[in-house]
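Engineer: Once you've had a glance at the structure underneath, I'll fire off some questions.
The values are calculated or read from the model by the stated rules, or taken from the named source; none is laboratory data. For clarity, every value in this text was computed on a predicted model and none was experimentally measured. Backbone-built Cβ (ideal geometry, glycine too); neighbour counts: all protein chains shown.
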Amino acid sequence: MRAEDLGCAALGGAAGAALCFLTASLRARAVVEIGTGTGVSGLYLLRGMAPEGVLTSIDLEPEYHQAARQTFRDAGFAPGRTRLIMGRALDVLPRLTSGGYDLLFVDAPRAEYPGYYEHGVHLLRAGGVIAFHGVLAPRSDPARRDPGVLAARELARAVREDERLVPTLLPIGAGLLVAAMRG
């Protein structure tokens, strides 16, 4: 309901379950999320994380941060479990600790995905995972020149060719491209 009121799309249950599974499998203690939204994806991430884990979420919209804080509070998560950073992710990511994160999740405008990939890989520890939501949406004609579609293709190519990563595409929701950092 909050997502609808603010005009942003909430993460679907299948993609959310995959994120919860990934954070639990990694025993994640430090996760970065690009695109806070109303906190739905953050809940899935937090539910899988280690009890002492901290979710760092980046978004430009103050209304989204307000809604996410309420979502986290309503779900019973202590304020110390989340760190919400207001700002442009491409400006914030270089200031985060290199090699200090278990997982980076991106659910933001696809046109910026290649930049998030470039900065995000450097944030991962060995065995860490980077995940991009919405890489299959919208399904389109291969000749389509939409910036988001072109960026998703560029991202997929870069991740596939990056020898530091072991990638796979999970065909759930709008598509979840995940890649583990070789350790």
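Engineer: Name the single residue that is surrounded by the fewest Cβ atoms within 10 Å (Cβ to Cβ) among those in the stretch 26-66 being without any contact (Cβ under 8 Å) to a residue 40 or more places away in the chain and touching a Cys at 6+ places or on another chain (Cβ under 6 Å).
Structural biologist: R47
Engineer: Please determine, by comparing only the residues of the stretch 111-135 that are within 15 Å of L11 (Cα to Cα) and in contact with a Gly (Cβ under 9 Å, 6 or more places away or on another chain), which one is surrounded by the most Cβ atoms within 10 Å (Cβ to Cβ).
Structural biologist: Restricting to residues being within 15 Å of L11 (Cα to Cα) and in contact with a Gly (Cβ under 9 Å, 6 or more places away or on another chain), the top hit is H133.
Engineer: Of the numbered conditions (1) among the aliphatic types (A, V, I, L, M); (2) in contact with a Lys or Arg (Cβ under 9 Å, 6 or more places away or on another chain); (3) under 26 Å from R157 (Cα atoms), V92 fails exactly one; give the number of that condition.
Structural biologist: The number of the failed condition is (2).
Engineer: Does any residue in the stretch 165-183 that is in contact (Cβ under 8 Å) with a residue 40 or more places away in the chain come within less than 9 Å, Cβ to Cβ, of a residue that is β-branched (V, I, T) and in a loop (DSSP other than H, G, I, E, B) six or more places away or on a different chain, and which pairs are these?
Structural biologist: Note: pairs meeting the criteria are A174/V135; G175/V135; L176/V135; L177/V135.
Listed here are the residues, each with its yes/no results for (1) of a type in the set (S, T, N, Q); (2) out of contact with any strand residue (DSSP E or B) (no Cβ under 6 Å at 6 or more places or on another chain); (3) modelled with pLDDT of 90 or more.
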position: D141; (1), (2), (3): no, yes, no
position: G148; (1), (2), (3): no, yes, no
position: E154; (1), (2), (3): no, yes, yes
position: E161; (1), (2), (3): no, yes, yes
position: P171; (1), (2), (3): no, yes, yes
position: A174; (1), (2), (3): no, yes, no
position: M181; (1), (2), (3): no, no, yes
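Engineer: A further question follows. Suppose we filter the stretch 91-121 for residues that are over 12 Å from A151 (Cβ atoms), among the small types (G, A, S) and without any contact (Cβ under 8 Å) to a residue 60 or more places away in the chain; how many remain?
Structural biologist: So the count comes out to 2.
Engineer: For R157, work out the one condition from (1) in a strand (DSSP E or B); (2) exposed (fewer than 15 other Cβ atoms within 10 Å of the Cβ) it doesn't fulfil.
Structural biologist: Tallying (1) in a strand (DSSP E or B); (2) exposed (fewer than 15 other Cβ atoms within 10 Å of the Cβ), R157 fails exactly one: (1).
Engineer: Just to confirm my filter: which helices (runs of 4 or more DSSP H) fall fully inside the stretch 1-112 and include at least 3 residues that are closer than 23 Å to P171 by Cα and modelled with pLDDT of 95 or more?
Structural biologist: In the stretch 1-112, 13-26, 40-48 are the helices (runs of 4 or more DSSP H) which contain 3 or more residues that are closer than 23 Å to P171 by Cα and modelled with pLDDT of 95 or more.
Engineer: Looking at (1) of a type in the set (A, V, I, L, M, F, W, C); (2) under 14 Å from the mean Cα position of the chain (by Cα); (3) farther than 21 Å from H119 by Cα, can you tell me which one L19 breaks?
Structural biologist: Of everything listed in (1) of a type in the set (A, V, I, L, M, F, W, C); (2) under 14 Å from the mean Cα position of the chain (by Cα); (3) farther than 21 Å from H119 by Cα, L19 misses just condition (3).
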